[in-house]
1. Given the criteria modelled with pLDDT under 95, touching a helix residue (DSSP H, G or I) at 6+ places or on another chain (Cβ under 9 Å), assigned by TED's automatic domain parsing to the domain that holds residue 407 and surrounded by 18 or more Cβ atoms within 10 Å (Cβ to Cβ), does residue 332 qualify?
2. Report yes if residue 105 is touching a helix residue (DSSP H, G or I) at 6+ places or on another chain (Cβ under 8 Å) and at pLDDT 85 or above, otherwise no.
3. Give me a count of the residues in segment 332-353 that are without any contact (Cβ under 8 Å) to a residue 60 or more places away in the chain and within 23 Å of residue 296 (Cβ to Cβ).
4. Would you mind stating whether residue 443 is in contact (Cβ under 8 Å) with a residue 40 or more places away in the chain and in a loop (DSSP other than H, G, I, E, B)?
5. Considering segment 237-256 alone, what residues qualify as being touching a strand residue (DSSP E or B) at 6+ places or on another chain (Cβ under 8 Å) and touching a residue at least 60 places away in the same chain (Cβ under 8 Å)?
6. Report the residue count in segment 373-404 for those that are over 10 Å from residue 333 (Cα atoms), in a strand (DSSP E or B) and in contact with a strand residue (DSSP E or B) (Cβ under 9 Å, 6 or more places away or on another chain).
7. Scan segment 336-354 for residues that are touching a strand residue (DSSP E or B) at 6+ places or on another chain (Cβ under 9 Å) and either within 22 Å of residue 447 (Cβ to Cβ) or in a loop (DSSP other than H, G, I, E, B) (or both) and jot them down.
8. Within segment 292-306, which residues are surrounded by 15 or more Cβ atoms within 10 Å (Cβ to Cβ) and under 27 Å from residue 149 (Cβ atoms)?
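The values are calculated or read from the model by the stated rules, or taken from the named source; none is laboratory data. Predicted model only: the values in this text are computed from it and were never measured. As a convention, Cβ positions derive from the backbone with ideal geometry for all residues, glycine included, and neighbour counts pool all protein chains shown.
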């Protein structure tokens, strides 16, 4: 029997050994054939493995063919059901046709006639399955249009999961993404988990420090175990085999969808839907990456390659709202190089630009990855220190002041240039509760530092003295 024929399963039910042998001889290795001698045995066979076609006698010991017809249609909806009947039971066959049987053949079975009927019905079933698969693929394809509207890479993973679950007939899954192009923006999206399980699962996966091998696969596949599988098993939810769908952007976006099988093994149809959704999700990721690259360039200062004032205004607004929600503090540092005009006058603007670029590197080394450094304009810079109060802000500002004073900048011909910096510090919510007010008071504190002789740090609290 060929592999193609093994996918065409026929169940023959007849309490006559002679009839069963006739059917076996007629169909030979054309199909995967199983013969049983009773309706009860046929029900067990169908529950164990669905058939593509059932051939059944009508009168049998125990369960009759008509009773089996009803049971078979409940177990395998739409399965073709062909009756094998003697002349005396033609009326019963007609009654069976009224009740949903597909066809009937008279005994003794004629091999050529049997083969023709079986081939016709199996071909019809194959066409129905193909049509159903195509309709399902079209529905999935139509739903994938939603992905094209996603301009945030993080949103793509969640939307892809929302598309995949109904396509598979599942309600439990997670999207895990690691966004190396945007540090601190990694995340997990859950569907179907209660809040307690989702919180604990997120904690475990963050602690697990997932390796790159988990994201290295390129095609959807059935899998089990690993950090995700082990975490799910420990929680007693969604354990066991799962469908893994890797997603990769053109640049550095990478993530995966994890959908537990929930006692229904992954089929080839499931993999087809997963491949289709993954292909559209990866196109959406590439589009989102291009959008963010263009957007990022609009927010990057050409000289220093740190953020510009436009980005600073948005970031300050965002961080103030975040601080309000979390009840944390936010400190702003306003920095200005002392007598920087002399550098431009003595060495030229090209050297001046190189000095500003080097200063940006020095400032980045003095702050955390979660903090924001922006060039406000000219030789003025601003730093947002998240979750930092006034005392901590002043401490960071002093460290920056000392580091700048100790750094040798390069002038024309390698001549060393020494610079100092004046810094003003203001804190949300102590000194202002809105963006413009906070930046303004930090700026005024910086000018107070200038008036005190430069190369020093002043806080907004000093303005009140």
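1. Considered against the rule, which asks whether it is modelled with pLDDT under 95, touching a helix residue (DSSP H, G or I) at 6+ places or on another chain (Cβ under 9 Å), assigned by TED's automatic domain parsing to the domain that holds residue 407 and surrounded by 18 or more Cβ atoms within 10 Å (Cβ to Cβ), residue 332 comes out as no.
2. yes
3. 1
4. Judged against the criteria, residue 443 is not a match.
5. Once the filter is applied, which keeps residues that are touching a strand residue (DSSP E or B) at 6+ places or on another chain (Cβ under 8 Å) and touching a residue at least 60 places away in the same chain (Cβ under 8 Å), segment 237-256 yields 238, 243, 245, 247, 252, 253, 254, 255, 256.
6. 5
7. Once the filter is applied, which keeps residues that are touching a strand residue (DSSP E or B) at 6+ places or on another chain (Cβ under 9 Å) and either within 22 Å of residue 447 (Cβ to Cβ) or in a loop (DSSP other than H, G, I, E, B) (or both), segment 336-354 yields 336, 337, 338, 343.
8. Passing the criteria: 292, 299, 300.
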